[in-house]
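A.B. asks: Next up is a structure, given as structure tokens.
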Amino acid sequence: MAAQNLLLSYYGDDLTGSTDVMEALELGGVPTVLFMNQPDPSLLARFSHCRAVGLAGTSRSETPQWMEENLTPAFEWLKGLGAAICHYKICSTFDSSPAVGSIGRATEIGRRIFGGASVPMVVGAPQLKRYTAFGNLFAAFRGEYFRIDRHPVMSRHPVTPMNEADLLAHLSHQTSLSAGLVDLAALQADDVAQTVDQAMKNRAIVLFDVESRQTQRRVGEQIWRIHDQGHGFVVGSSGVEYALLAEWAGKGIVSGHASFAPPGPVDRLAVVSGSVSPTTEKQIRFALAHGFDGVEMDAMRLVSEGAGDAIEQAVATGLASLAKGRSVILYTALGPQADRGAEIDRIEGARNTLGRALGTILRRLIVEQKLKRAVIAGGDTSSHALGQLAIDALTVRMPLPQSPGSPLCVAHGGGEIDGLEIALKGGQVGTDAYFETIRLGS
């Protein structure tokens with residue numbers, strides 16, 4: 001694979017984040033494939049035309065010990081691909097903690113495997129309305145902008161609430177590695193390269209501010225300039241790709257754009273949702289008001305001993321709607337007020353169990369009704385749910401510029417699932433009409 005001149009390899013800390021990167025790369029003219037597990041040589045060879053290779057993971061919802069056991073072989077495999085840059089992809093909201101989804105621990109492991117003295121970090125992504133200024137993270141919510149520790153959603157995340165906007169301060173609770181900042185003032189100065197070189201020499205982690213397309217471009221220049229100086233392992237959001245794409249296009253390495261023909265509508269769409277986000281709540285309510293049937297499911301029943309009966313009941317109800325020619329959404333919550341996370345967390349591994357249950361339900365609906373398109377909503381949900389669909393890899397079918405980070409993908413695998421069009425939507429992603437947009441395919 002190294003002989004293919006790969007520009008980038010990456011590990012996504014959850015599935016929706018992984019498709020976010022794939023979408024950004026494809027829109028920038030970089031053919032990309034996302035594998036669900038490390039592929040064997042024959043599967044890898046099927047995508048020999050790709051210039052970027054991703055590996056979807058679940059580390060956003062895992063412990064540091066899990067990371068040590070699982071990220072180590074994953075990073076070693078990615079290193080063996082020989083890409084110019086390897087990216088550990090995190091959420092642009094940086095939500096993490098010392099115990100769950102530790103960005104610090106993942107950075108330590110990557111730094112050890114790739115052997116770099118210092119790790120660049122890029123979180124800001126204006127395309128996603130995420131901005132870093134003097135080390136502090138800001139994010140949009142329904143047309144307004146908030147410091148992340150005052151964000152109406154992320155400051156109240158059910159697992160990893162963000163209570164600190166200063167990213168280096170937040171990171172200091174997860175790693176003892178020294179960390180520094182290349183801020184906006186430095187990026188706009190003429191001697192930015194000298195500043196970056198000094199920071200990379202003196203700190204193990206270097207965060208780069210990004211608050212505009214202009215600073216994003218300058219960050220891309222610097223990341224690409226130093227990638228072959230022992231700094232080829234990068235941590236960050238899909239802001240990493242957006243920054244690099246601008247640099248690659250400017251140097252003529254990639255075309256800088258790609259076109260996709262809309263796939264058109266399907267008569268029926270099945271959605272499963274484990275998200276408690278108010279964004280997803282509005283999307284569900286919009287869909288229900290525009291012809292979708294809704295099936296409310298009890299999250300606790302799906303993770304308890306009687307889960308089999310709950311799954312069968314959900315499947316039967318979903319099949320009944322689909323058989324009538326209607327689209328259907330099966331959901332465990334309508335917004336944060338319906339969140340039962342505290343109860344679920346009393347059962348070890350229950351969140352992963354919930355995701356697998358939703359995947360089992362969706363697979364039954366797809367196979368028994370021969371569906372051509374489906375959606376999984378919820379970042380943590382998607383990673384575990386998709387594992388039940390026996391999908392080997394994903395490629396982009398249709399990017400959604402109006403809802404960046406949640407493209408419609410094509411599934412590659414065995415049997416009835418091969419060729420399925422599927423979208424994986426994070427909790428905070430998408431317009432109110434997201435599910436209807438996916439159904440219409442335009």
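The values are calculated or read from the model by the stated rules, or taken from the named source; none is laboratory data. A quick note: this is a predicted structure, and the numbers were derived from the prediction, not measured. Cβ coordinates were reconstructed from backbone atoms using ideal geometry, including for glycine residues, and neighbour counts include every protein chain displayed. Keep in mind that these areas ignore ligands, DNA and RNA; they rest on the heavy atoms of the full protein, side chains included. Shrake-Rupley method; radii C 1.70, N 1.55, O 1.52, S 1.80 Å.
A.B. asks: Out of the residues in the stretch 299-326 that are under 27 Å from VAL266 (Cβ atoms) and not in a helix (DSSP H, G or I), which is most open to solvent (accessible area, probe 1.4 Å)?
C.D. replies: The residue in question is LYS324.
A.B. asks: Output the residues belonging to the stretch 197-214 that are free of Cβ contacts under 8 Å to residues at least 60 places away in the same chain and over 28 Å from PRO98 (Cα atoms).
C.D. replies: ASP197, GLN198, GLN214
A.B. asks: Every residue in the stretch 280-298 that is more than 12 Å from ALA333 (Cα to Cα), open to solvent by 30 Å² or more (accessible area, probe 1.4 Å) and outside any helix (DSSP H, G or I), please.
C.D. replies: ALA289, HIS290, GLY291, ASP293 - these are the residues of the stretch 280-298 that are more than 12 Å from ALA333 (Cα to Cα), open to solvent by 30 Å² or more (accessible area, probe 1.4 Å) and outside any helix (DSSP H, G or I).
A.B. asks: Further, regarding this structure: Run PHE141 past the list (1) touching a Cys at 6+ places or on another chain (Cβ under 8 Å); (2) surrounded by fewer than 17 Cβ atoms within 10 Å (Cβ to Cβ); (3) not hydroxyl-bearing (Ser, Thr, Tyr) and report the number of the one that doesn't hold.
C.D. replies: Among (1) touching a Cys at 6+ places or on another chain (Cβ under 8 Å); (2) surrounded by fewer than 17 Cβ atoms within 10 Å (Cβ to Cβ); (3) not hydroxyl-bearing (Ser, Thr, Tyr), PHE141 violates only (1).
A.B. asks: Quick one: what pairs do we get from the stretch 396-413, first residue touching a residue at least 60 places away in the same chain (Cβ under 8 Å), second β-branched (Val, Ile, Thr) and surrounded by fewer than 21 Cβ atoms within 10 Å (Cβ to Cβ), C-beta under 6 Å, 6+ apart or different chains?
C.D. replies: These pairs meet every condition: ARG397/VAL410.
A.B. asks: Let me ask you something else. How many of the residues in the stretch 37-50 are touching a residue at least 60 places away in the same chain (Cβ under 8 Å) and open to solvent by 30 Å² or more (accessible area, probe 1.4 Å)? Spell out the reasoning first.
C.D. replies: First, pick out the residues of the stretch 37-50 that are touching a residue at least 60 places away in the same chain (Cβ under 8 Å): 37, 39, 43, 46-47.
From what is left, the residues that are open to solvent by 30 Å² or more (accessible area, probe 1.4 Å) are 37, 46.
The total comes to 2.
A.B. asks: Looking only at the stretch 114-127, which residues are open to solvent by 30 Å² or more (accessible area, probe 1.4 Å), within 19 Å of LEU184 (Cα to Cα) and not polar (S, T, N, Q)? Talk me through it step by step, then tell me what you get.
C.D. replies: First pass over the stretch 114-127, keeping only residues open to solvent by 30 Å² or more (accessible area, probe 1.4 Å): 114-115, 117, 127.
With the extra rule that they be within 19 Å of LEU184 (Cα to Cα), the set shrinks to 127.
Answer for the stretch 114-127, where residues must be open to solvent by 30 Å² or more (accessible area, probe 1.4 Å), within 19 Å of LEU184 (Cα to Cα) and not polar (S, T, N, Q): there is none.
A.B. asks: ILE85 passes all but one of (1) more than 24 Å from ASP40 (Cβ to Cβ); (2) buried (at least 24 other Cβ atoms within 10 Å of the Cβ); (3) in contact with a strand residue (DSSP E or B) (Cβ under 8 Å, 6 or more places away or on another chain); which number fails?
C.D. replies: (2)
A.B. asks: Of all residues being part of a loop (DSSP other than H, G, I, E, B) and of a type in the set (Ser, Thr, Tyr) in the stretch 51-82, which is surrounded by the most Cβ atoms within 10 Å (Cβ to Cβ)? Just the residue, please.
C.D. replies: Initial filter on the stretch 51-82 (part of a loop (DSSP other than H, G, I, E, B)): 51, 57-58, 62-63, 81-82.
From the residues that got through so far, the ones that are of a type in the set (Ser, Thr, Tyr) too are 58, 63.
On the way: THR58: 21, THR63: 15.
So, considering only residues that are part of a loop (DSSP other than H, G, I, E, B) and of a type in the set (Ser, Thr, Tyr), the one surrounded by the most Cβ atoms within 10 Å (Cβ to Cβ) is THR58.
A.B. asks: Restricting the search to the stretch 51-78, which residues are without any contact (Cβ under 8 Å) to a residue 40 or more places away in the chain and either over 25 Å from GLU108 (Cβ atoms) or not hydroxyl-bearing (Ser, Thr, Tyr) (or both)?
C.D. replies: Taking the stretch 51-78 first, the residues without any contact (Cβ under 8 Å) to a residue 40 or more places away in the chain are 62-63, 65-66, 69-70, 73, 76-77.
Passing the criteria: GLU62, GLN65, TRP66, GLU69, ASN70, PRO73, GLU76, TRP77.
A.B. asks: Also, quick follow-up: Could you go through the stretch 260-279 and let me know if any residue there is buried (at least 24 other Cβ atoms within 10 Å of the Cβ) and among the charged types (D, E, K, R).
C.D. replies: no
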